[in-house]
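Worksheet: the structure to be examined is printed underneath.
The values are calculated or read from the model by the stated rules, or taken from the named source; none is laboratory data. If you're wondering where the values come from, they're calculated on a predicted model, not measured in any experiment. Glycine gets a Cβ as well: all are built from the backbone with ideal geometry, and neighbour counts include every protein chain shown. These accessible areas exclude ligands, DNA and RNA; they are computed on the full protein's heavy atoms, side chains included. Shrake-Rupley method; radii C 1.70, N 1.55, O 1.52, S 1.80 Å.
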Amino acid sequence: MRRKLLTGVLVLGLVGGLSAPAAAAETWTPANNLEGACVTLQAFNGTSSLGYVFKDSVGYGFTGTASKAEPFRFEATQLGRYLLRDHTGAPPYQSMLGWIWAGDSYGDRADWTVSSGSSGNYKLVSTSTGQQMGSYLGGLGAGSATMKLTAATGCAAIPDIATGVSGTPSPAVDSSGKLVGWIDAHAHITAGEAFGGSMHCGDAWASGGAPVALAGCASHSTLGWGALLEAIIAGTDPINSSEQGWPTFTDWPQTDTMLHEASYFRSLERAWQSGQRVLNVLLVANRVICDLTLQHTSCDEMDQIRAQSTYLRNMQDYIDARSGGPGRGWFRLATTPSEVRAIAAQGKLAVTIGVENSEIFGCREIKDVAQCTTADIDKGLDELQAMGVSGFYPVHKFDNAFGGTRFDEGVTGAAINVGQLLSSGHWWQATSCTGPSDNEQPIVSDDLAKLLSLGVDLPAGTILPVYPSGKICNVRGLTALGKYLVQKMMDRGMIIHIDHMGVKTASAVLDLAEQRGYAGVTSVHTWADRALVNRVLGLGGFVASYAFAATDDGSGTPTFLDEWRANKALANGSKITGYGVGSDVNGLGPQAEPRLTAASSPLTYPFTALNGTTVTKQVWGTRTFDLNTDGVAQYGLYTDWITDLTNQAGSDKALLTKQLMSGAEAYVEMWEKARS
């Protein structure tokens with residue numbers, strides 16, 4: 001149906017032959033409906049035809065013979081903007097000499113802003129230079145022509161990624177108005193703009209499509225600074241790092257390539273087509289990590305959050321452009337529960353916005369002195385809500401002006417503790433404790449010493465910390481500023497993420513929420529003591545587990561099924577009506593590896609997704625992904641993972657499927673209660 005409508009647009013008003021109304025009578029509007037169009041271009045100077053555009057040895061010229069006209073494919077690069085490809089796939093670009101030549105890859109000068117006139121003709125203007133396509137010294141180049149577009153054949157294909165999903169999905173809303181679909185409550189799809197913009201290789205979207213968004217990065221190739229940083233963070237091999245992206249993907253994405261893009265929008269689309277209904281995107285920032293990169297924009301954490309907010313909105317516009325125009329895309333930002341419900345009712349993916357960083361509003365503490373005021377908090381909350389942020393993490397990896405963090409453990413913990421020192425001027429401080437606890441720390445300094453040998457400069461005279469053995473807790477709890485922040489978040493109906501808070505801090509936050517009967521609290525990626533998770537459930541809050549493999553994958557991590565069953569068995573476990581997934585994709589956390597039992601009991605392709613669609617293996621360029629051998633190497637495999645998860649649940653399959661497919665509804669109900 002879309003192709004018929006497009007053809008009608010292209011031939012509308014052309015019955016009268018080659019003539020066009022005088023330019024003065026024209027009104028021009030952005031052309032948003034040309035995605036995928038295969039057309040020829042006939043140039044006009046006013047009412048006089050200059051001929052059809054054809055391809056010559058270097059660039060393009062004009063011919064009076066329609067059969068010699070060059071067919072061009074239009075690929076949207078943003079609303080009203082396009083990359084054109086001739087029949088060889090080459091993109092016409094505006095050269096610095098005035099002519100339009102055939103390029104070999106997308107670039108700023110190959111981007112064309114297109115508007116349609118009231119007569120049916122079009123103007124193509126170089127987005128970079130502002131020069132209009134027309135006649136230049138007898139060839140195609142900078143000029144003032146308008147173009148008649150006529151449907152054609154023989155166009156090159158757009159280099160793209162198919163989702164591998166077909167069939168009619170079950171409704172996203174049931175007869176009682178409840179959402180039917182699963183939720184990823186913790187994802188970082190804006191990582192391409194995080195940490196100063198260069199630490200992460202690749203993007204969830206880019207003008208120019210997959211070849212641009214998923215290209216390799218020289219800085220991340222063998223012994224490049226990006227490869228060395230990924231080796232420290234993820235344990236990857238900095239020497240055997242081929243860095244080949246589109247179209248071969250010989251080295252990434254993998255479950256442990258944490259500094260490479262794993263959530264390209266076509267993979268998100270695959271998950272949505274297979275039953276995902278809510279994606280909670282967390283804008284992520286860390287000043288200390290940003291400072292480790294050799295190339296970056298601002299490392300101020302609020303600047304990083306602002307950049308990602310813009311990136312996310314541009315991503316929605318880009319998906320709209322690739323879908324036919326404003327509002328037509330399946331990826332819709334939602335700032336209220338009612339917007340989530342309205343989006344789901346259209347069968348689209350509701351994308352909510354959160355924030356996860358350590359120095360929110362600049363609220364560091366340096367040697368116990370807060371670096372912000374209550375006025376900064378009020379101003380910051382206003383700014384976040386203006387961005388559409390629904391909730392955030394008051395505390396992340398470092399102690400800050402609001403409270404104490406929950407420690408990471410092992411070598412990762414040692415590395416983050418160095419960052420803690422650089423951020424606050426002091427190491428983590430811990431005491432022995434009973435009951436709920438934070439993660440244990442090395443009682444000797446070997447891990448810290450190894451990290452310092454890599455060249456991290458610490459203040460002169462720094463003494464390495466030694467911690468008690470056994471269960472320990474961060475001595476820092478909720479500060480007066482932290483209490484003020486939490487109360488203001490509750491006043492505004494914002495969601496409070498307690499993961500990453502130390503036990504002492506989280507307990508105080510939950511005390512405040514219980515005093516108010518406030519349901520807007522969450523634990524969504526297995527980063528809180530289970531006693532705190534039980535209290536979240538008691539409040540009517542929302543719980544999700546990190547997207548570990550369904551059963552043991554040999555990585556030493558928990559399994560999703562064990563986590564779900566343990567939470568279900570809590571005293572308040574009966575209050576779980578819907579359950580969520582926390583992928584942490586692009587968030588410096590590993591993704592699930594293949595189950596150890598995948599060879600003996602594999603997920604069989606094609607399979608039926610939880611919403612009834614049929615799913616085949618997804619292909620990126622020349623690489624085919626298989627959950628059984630690749631694990632969740634990229635986001636499209638969450639479609640496979642969640643189906644495999646329910647298949648591995650045994651007698652719990654029906655209940656787990658019901659709770660996962662009620663996850664979006666449970667999250668929205670929690671949010672509605674918080675705002676009521």
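In region 56-79, how many are in contact with a Gly (Cβ under 8 Å, 6 or more places away or on another chain) and assigned to a strand (DSSP E or B)? Lay out the reasoning, then the answer.
As a first pass, look at region 56-79 and keep what is in contact with a Gly (Cβ under 8 Å, 6 or more places away or on another chain): 56, 59-64, 71, 73-75, 77, 79.
So of that shortlist, the ones also assigned to a strand (DSSP E or B) come out as 59-63, 73-75, 77.
Of the residues in that region, 9 qualify.
Could you please let me know if Ala321 is touching a residue at least 60 places away in the same chain (Cβ under 8 Å), open to solvent by less than 20 Å² (accessible area, probe 1.4 Å), of a type in the set (Gly, Ala, Ser) and part of a helix (DSSP H, G or I)? Considered against the rule, which asks whether it is touching a residue at least 60 places away in the same chain (Cβ under 8 Å), open to solvent by less than 20 Å² (accessible area, probe 1.4 Å), of a type in the set (Gly, Ala, Ser) and part of a helix (DSSP H, G or I), Ala321 comes out as yes. Scanning region 266-295 for residues that are hydrophobic (A, V, I, L, M, F, W, C), open to solvent by 20 Å² or more (accessible area, probe 1.4 Å) and under 28 Å from Thr616 (Cβ atoms) gives a single hit, Trp272.
Table: residues versus (1) open to solvent by less than 60 Å² (accessible area, probe 1.4 Å); (2) under 31 Å from the mean Cα position of the chain (by Cα); (3) not small (Gly, Ala, Ser).
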| residue | (1), (2), (3) |
| --- | --- |
| Tyr82 | yes, yes, yes |
| Gln94 | yes, no, yes |
| Gly103 | yes, yes, no |
| Asn121 | yes, no, yes |
| Ser128 | no, yes, no |
| Gly143 | yes, no, no |
| Met147 | yes, no, yes |
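Report whether or not Met315 is open to solvent by less than 60 Å² (accessible area, probe 1.4 Å), within 30 Å of Arg73 (Cα to Cα) and either outside any helix (DSSP H, G or I) or out of contact with any Pro (no Cβ under 7 Å at 6 or more places or on another chain) (or both). Against the criterion (open to solvent by less than 60 Å² (accessible area, probe 1.4 Å), within 30 Å of Arg73 (Cα to Cα) and either outside any helix (DSSP H, G or I) or out of contact with any Pro (no Cβ under 7 Å at 6 or more places or on another chain) (or both)), Met315 qualifies. Of all the numbered requirements in (1) modelled with pLDDT of 95 or more; (2) open to solvent by 20 Å² or more (accessible area, probe 1.4 Å), Ser263 misses one, and that requirement is (2).
Looking for whichever is among the charged types (D, E, K, R) and open to solvent by 30 Å² or more (accessible area, probe 1.4 Å) here; the options are Asp511, Asp499. Which one fits? Selected residue: Asp511, the only one of Asp511, Asp499 that is among the charged types (D, E, K, R) and open to solvent by 30 Å² or more (accessible area, probe 1.4 Å). Under the condition of being touching a Ser or Thr at 6+ places or on another chain (Cβ under 6 Å), buried (at least 17 other Cβ atoms within 10 Å of the Cβ) and modelled with pLDDT of 95 or more, which residue from region 166-197 is farthest from Leu660 (Cα to Cα)? Across region 166-197, the extreme among qualifying residues is Ile189. Taken over region 509-559, the residue count meeting the criterion of being of a type outside the set (Asp, Glu), touching a residue at least 60 places away in the same chain (Cβ under 8 Å) and in a loop (DSSP other than H, G, I, E, B) is 13. Taking region 68-80 as the search range and keeping residues that are of a type in the set (D, E, K, R) and over 15 Å from Ala157 (Cβ atoms), which one is most open to solvent (accessible area, probe 1.4 Å)? Restricting to residues being of a type in the set (D, E, K, R) and over 15 Å from Ala157 (Cβ atoms), the top hit is Lys68.
Residues of region 367-403 that are within 25 Å of Glu672 (Cβ to Cβ), touching a strand residue (DSSP E or B) at 6+ places or on another chain (Cβ under 6 Å) and of a type outside the set (Phe, Trp, Tyr): Gly388, Val389, Ser390, Gly391. In region 187-215, the residues that are without any contact (Cβ under 8 Å) to a residue 40 or more places away in the chain form Cβ pairs under 7 Å with partners that are surrounded by fewer than 24 Cβ atoms within 10 Å (Cβ to Cβ) and not in a helix (DSSP H, G or I), at six or more places apart or across chains, as follows: Ala215/Trp246.
Looking at region 327-348, can you tell me whether even one residue there is touching a residue at least 12 places away in the same chain (Cβ under 8 Å), of a type outside the set (A, V, I, L, M, F, W, C) and crowded, with 24+ Cβ neighbours inside 10 Å? Looking through region 327-348, none of the residues is touching a residue at least 12 places away in the same chain (Cβ under 8 Å), of a type outside the set (A, V, I, L, M, F, W, C) and crowded, with 24+ Cβ neighbours inside 10 Å.
Of the helices (runs of 4 or more DSSP H) lying entirely inside region 581-674, those containing at least 1 residues that are acidic (Asp, Glu), within 24 Å of the chain's Cα centre (by Cα) and within 26 Å of Ser166 (Cβ to Cβ) span 627-630, 638-647. Within region 456-493, restricting attention to residues that are of a type in the set (Lys, Arg) and in a loop (DSSP other than H, G, I, E, B), the residue that is farthest from the chain's Cα centre (by Cα) is Lys471.
Of the residues Tyr579, Tyr546, Tyr518, the single one that is hydroxyl-bearing (Ser, Thr, Tyr) and touching a His at 6+ places or on another chain (Cβ under 8 Å) is Tyr546. Filtered by the rule that a residue be open to solvent by 10 Å² or more (accessible area, probe 1.4 Å), within 20 Å of Ala370 (Cα to Cα) and either touching a Ser or Thr at 6+ places or on another chain (Cβ under 8 Å) or in a helix (DSSP H, G or I) (or both), region 419-436 gives Leu421, Leu422.
Restricting attention to region 625-640, report how many residues are under 20 Å from Asn611 (Cβ atoms) and open to solvent by 10 Å² or more (accessible area, probe 1.4 Å). So the count comes out to 1.
For Ser242, state whether it is open to solvent by 40 Å² or more (accessible area, probe 1.4 Å) and either out of contact with any Pro (no Cβ under 9 Å at 6 or more places or on another chain) or not acidic (Asp, Glu) (or both).
Working: open to solvent by 40 Å² or more (accessible area, probe 1.4 Å): yes; either out of contact with any Pro (no Cβ under 9 Å at 6 or more places or on another chain) or not acidic (Asp, Glu) (or both): yes.
Judged against the criteria, Ser242 is a match.
Would you mind stating whether Ala210 is open to solvent by less than 10 Å² (accessible area, probe 1.4 Å), of a type outside the set (D, E, K, R) and out of contact with any strand residue (DSSP E or B) (no Cβ under 8 Å at 6 or more places or on another chain)? Spell out the reasoning first.
Working: open to solvent by less than 10 Å² (accessible area, probe 1.4 Å): yes; of a type outside the set (D, E, K, R): yes; out of contact with any strand residue (DSSP E or B) (no Cβ under 8 Å at 6 or more places or on another chain): no.
Answer is no for this residue.
Could you say whether any residue in region 594-607 is surrounded by 21 or more Cβ atoms within 10 Å (Cβ to Cβ) and out of contact with any helix residue (DSSP H, G or I) (no Cβ under 9 Å at 6 or more places or on another chain)? No: zero hits. Can you say whether Thr352 is in a loop (DSSP other than H, G, I, E, B), touching a strand residue (DSSP E or B) at 6+ places or on another chain (Cβ under 8 Å) and either closer than 30 Å to Asn32 by Cβ or not acidic (Asp, Glu) (or both), as far as the supplied structure shows? Criteria not met by Thr352. Of everything listed in (1) surrounded by 15 or more Cβ atoms within 10 Å (Cβ to Cβ); (2) modelled with pLDDT of 95 or more; (3) over 16 Å from Trp112 (Cβ atoms); (4) not acidic (Asp, Glu), the single unmet condition for Thr65 is (1).
Of the residues making up region 538-558, those that are open to solvent by 10 Å² or more (accessible area, probe 1.4 Å) and either under 15 Å from Leu660 (Cα atoms) or not small (Gly, Ala, Ser) (or both) are Leu539, Tyr546, Phe548, Thr551, Asp552, Asp553, Thr557, Pro558. Residue count for region 456-491 satisfying the condition of being of a type in the set (A, V, I, L, M) and either closer than 15 Å to Val509 by Cα or surrounded by 15 or more Cβ atoms within 10 Å (Cβ to Cβ) (or both): 9.
Among the conditions (1) outside any loop (DSSP other than H, G, I, E, B); (2) under 14 Å from the mean Cα position of the chain (by Cα); (3) of a type in the set (S, T, N, Q), the only one that Ser219 does not satisfy is (2).
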